[in-house]
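*Asks:* Shown below is the structure under consideration.
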Amino acid sequence: MPIETLQLEDKKITIVGTAHVSKASVEEVRSTLRAEAPDAVAVELCRSRFEIFKNPQAWQNMDIFKVVKEKKTAFLLGNLLLASFQKRIGEKLGVKPGDEMRVAIEEAEAMGSTVVLMDRPIQITLARAWRGLRFMEKMKLLYGGLLSLFAVEDIESEDVEKYKEMDMLTSAVEEMAKYAPTIKKVLIDERDAYMAKKLADIPGKKIVGVVGAGHMQGIAAQINRPLGDLAALEEIPPKKQGVMKWIIGIGILALLGMGFHFGGVKHGYDMLKLWAACTMTCTAVATILTLAHPITVLVAAVAAPITTVIRVVHSGWAAGLTEAYLKKPKVSDFETLPDDILKLGGWWKNPITRILLVVCFANSGSLVGMLIAAPMMARVAMQ
């Protein structure tokens with residue numbers, strides 16, 4: 001595993017690069033800490049992730065209704081996809097993802113060193129990443145994430161060896177960047193700058209930092225010229241106004257108006273029925289694919305023609321809340337969640353992940369229906 005030693009004035013900073021799912025990383029962290037006996041140990045964790053390390057059952061406190069209401073479905077889905085990818089790679093390597101961080105914390109506490117959480121809060125990182133993406137980038141990213149459910153099963157022995165020599169999480173981010181190029185800036189580059197500043201500010205003569213190997217080069221490049229203030233990287237950008245969604249809605253209403261004005265009432269109603277048929281059918285089919293409750297399918301279908309025009313809410317939001325109400329997750333569902341996300345079928349079997357799929361699939365179905373119906377309506381309006 002790579003190790004970088006830096007001198008910052010009178011402070012010695014040793015950075016240990018890890019692969020997150022490597023036994024060699026775990027031993028390298030342990031031996032480095034025992035050899036250095038540092039004043040402080042900085043780990044690539046934020047407070048919320050640290051709490052999960054301390055309390056692995058934290059999933060059980062999740063309020064799925066709140067997740068859907070606050071429109072954080074995509075955040076949670078992305079988190080679970082990444083967790084699934086990491087855990088399955090870890091199982092192939094015979095190591096638990098994050099074991100090197102656990103060892104770093106345990107060794108630091110045993111020798112009386114200060115433990116410093118140097119990563120940016122995950123909620124801020126995800127919010128900055130998500131709000132920086134365009135709509136199509138978000139769809140491509142989720143699609144690529146779903147494909148990863150199949151990918152791990154096909155990993156060959158040489159791929160397993162490759163993961164032992166690299167930062168697997170950074171590799172996954174690089175893979176995501178193929179679908180959404182702006183994702184790397186937030187998940188890697190910004191966090192490099194953030195952690196460099198945190199490391200530079202830790203008091204003490206001897207510091208050891210434990211980070212993914214993919215962050216080492218970025219941190220080392222910025223440690224001697226860290227940011228003056230972290231506030232800029234801790235800001236959550238305001239939500240985009242989404243002008244396009246209103247343009248689409250107004251465009252559809254204009255098409256309907258043209259149909260009623262130039263073709264008469266019957267012509268207009270034919271266009272209205274065409275819009276309803278396309279959006280309802282596509283949304284219903286997409287929701288059925290999640291094995292949702294029949295009432296959920298009905299709610300999604302009925303909401304689709306309205307929510308695709310008046311885009312204050314989405315059909316997926318209505319469908320997700322309905323599914324959550326009809327098939328409210330039990331405590332046992334939260335307990336089995338870490339294992340269920342390892343299998344493709346588990347995402348449909350577990351009510352928690354099925355609710356997330358309902359939201360995403362229903363919204364995607366509505367979008368497909370809208371894209372099919374709009375040009376058909378335009379042709380009818382011009383007749």
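*Asks:* Filter region 1-29 for residues that are surrounded by fewer than 16 Cβ atoms within 10 Å (Cβ to Cβ) and more than 28 Å from the chain's Cα centre (by Cα) and give the result.
*Replies:* Within region 1-29, the subset surrounded by fewer than 16 Cβ atoms within 10 Å (Cβ to Cβ) is 2-3, 5, 7-10, 23-24, 27.
If the condition is that a residue be surrounded by fewer than 16 Cβ atoms within 10 Å (Cβ to Cβ) and more than 28 Å from the chain's Cα centre (by Cα), then 3, 5, 7, 8, 9, 10, 27 are the ones that fit.
*Asks:* Go through region 284-319 and give me each residue that's under 23 Å from the mean Cα position of the chain (by Cα) and of a type in the set (Ser, Thr, Tyr).
*Replies:* 287, 290, 315, listed by residue number.
Condition check ((1) in contact with a strand residue (DSSP E or B) (Cβ under 7 Å, 6 or more places away or on another chain); (2) among the aliphatic types (A, V, I, L, M); (3) at pLDDT 70 or above; (4) farther than 23 Å from residue 198 by Cβ) across all residues:
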{"position": "12", "(1), (2), (3), (4)": "yes, no, yes, no"}
{"position": "54", "(1), (2), (3), (4)": "no, no, yes, no"}
{"position": "64", "(1), (2), (3), (4)": "no, yes, yes, yes"}
{"position": "72", "(1), (2), (3), (4)": "no, no, no, yes"}
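*Asks:* Here is a further query. So which of 279, 287 ends up being buried (at least 23 other Cβ atoms within 10 Å of the Cβ), modelled with pLDDT of 80 or more, of a type in the set (Ser, Thr, Tyr) and closer than 24 Å to residue 66 by Cβ? So that I can check it myself, show each step before the final result.
*Replies:* On the way: 279 fails: closer than 24 Å to residue 66 by Cβ.
Answer to the check: 287.
*Asks:* Yes or no: region 176-183 includes at least one residue that is at pLDDT 75 or above, touching a helix residue (DSSP H, G or I) at 6+ places or on another chain (Cβ under 7 Å) and part of a helix (DSSP H, G or I).
*Replies:* Within region 176-183 (the criterion being at pLDDT 75 or above, touching a helix residue (DSSP H, G or I) at 6+ places or on another chain (Cβ under 7 Å) and part of a helix (DSSP H, G or I)), the answer is yes, since at least one residue qualifies.
*Asks:* So residue 256 passes all but one of these: (1) of a type outside the set (D, E, K, R); (2) in contact with a helix residue (DSSP H, G or I) (Cβ under 7 Å, 6 or more places away or on another chain); (3) at pLDDT below 85; (4) not in a helix (DSSP H, G or I). Which condition number does it fail?
*Replies:* (4) is the only condition that residue 256 fails.
*Asks:* Which of the numbered conditions does residue 296 fail, given that it passes all the others? Conditions: (1) crowded, with 24+ Cβ neighbours inside 10 Å; (2) not in a helix (DSSP H, G or I).
*Replies:* Result: residue 296 passes all but (2).
The values are calculated or read from the model by the stated rules, or taken from the named source; none is laboratory data. Source: prediction; values computed, not measured. All Cβ positions, glycine included, derive from the backbone under ideal geometry; neighbour counts span all protein chains shown.
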